[in-house]
1. Take Asp105 and Arg89, extend 7 Å from each Cα along the Cα→Cβ direction, and tell me the distance between the two endpoints in nm.
2. All other residues with a Cβ under 15 Å from the Cβ of Lys55 taken together, and with Lys, Arg as +1 and Asp, Glu as -1, what is their net charge?
3. Measuring from the lowest to the highest alpha carbon on each principal axis, how far does region 88-128 reach, largest first, in angstroms?
4. What order do you get for Ile139, Ile96 when you list them from fewest to most C-beta neighbours inside 10 Å?
5. How long is the gain from Glu124 to Trp54 if the chain were fully straight, where each residue apart is worth 0.36 nm and the alpha carbon distance is subtracted?
6. What distance in nm separates the simple spin-label points at Lys141 and Tyr62, each placed 7 Å from Cα in the Cβ direction?
Amino acid sequence: MLRAIGYQRTTEQKTSRSDARNVRTLQRTGRNTRGDQEMLIMTLPLPNSVNQHWKHARGFTYISAQGKAFRAAVDVAARLHGEKAPEGRLSVGIEIFPRDKRVMDIDNRVKSLLDALEHAGVIENDSLIDELRVVRRSIVKGGMCRVFISEYNPVVDITDNCAKIYQRTQRGSDGT
């Protein structure tokens, strides 16, 4: 069972003790402004792998118990946080903090996280995301993730940027 925000609940802990930790974690989240662009920042539990989140049996696909627990944790965090992402096209950054040194595909964690954010009402629909960046960070006991959501603002077309980088590398290899 997961806590509302960022940590794993053990069977020995009671919910009254966990509430104080949730409040402290919420103080580290909120809205920041970068220039004149608002950004929603949320600290959440480590998302389940897609293989752990959904199960298949007898021709049906369903959300596992772990998936339901993660979805509920994100829902509680969103309600306590009380914020929603900006409307329209979105830019999302995700920092994954693994719980240990085991091999982990960070791309397997993204879909369950985005679906949980959509289910909790933080984002309207994950199809509105135009820019998605996922970064693995250092190991944190219990694991966690940090989500940064802002309005999508294309500054430079990525193909133009790639073309400039390619031109610089070609000049460097010619010795000019």
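Where a number appears in this text, it was derived from the coordinates with a stated rule and is not lab data. All values derive from a computational prediction rather than experimental measurement. Cβ sites come from the backbone with ideal geometry, for glycine too, and all protein chains shown count toward neighbours.
1. In this crude spin-label approximation the distance works out to 2.9 nm.
2. +3
3. Reported extents, whole Å, longest axis first: 37, 18, 13.
4. Sorted ascending by nearby Cβ count, the order is Ile139, Ile96.
5. 23.1 nm
6. It is 3.6 nm.
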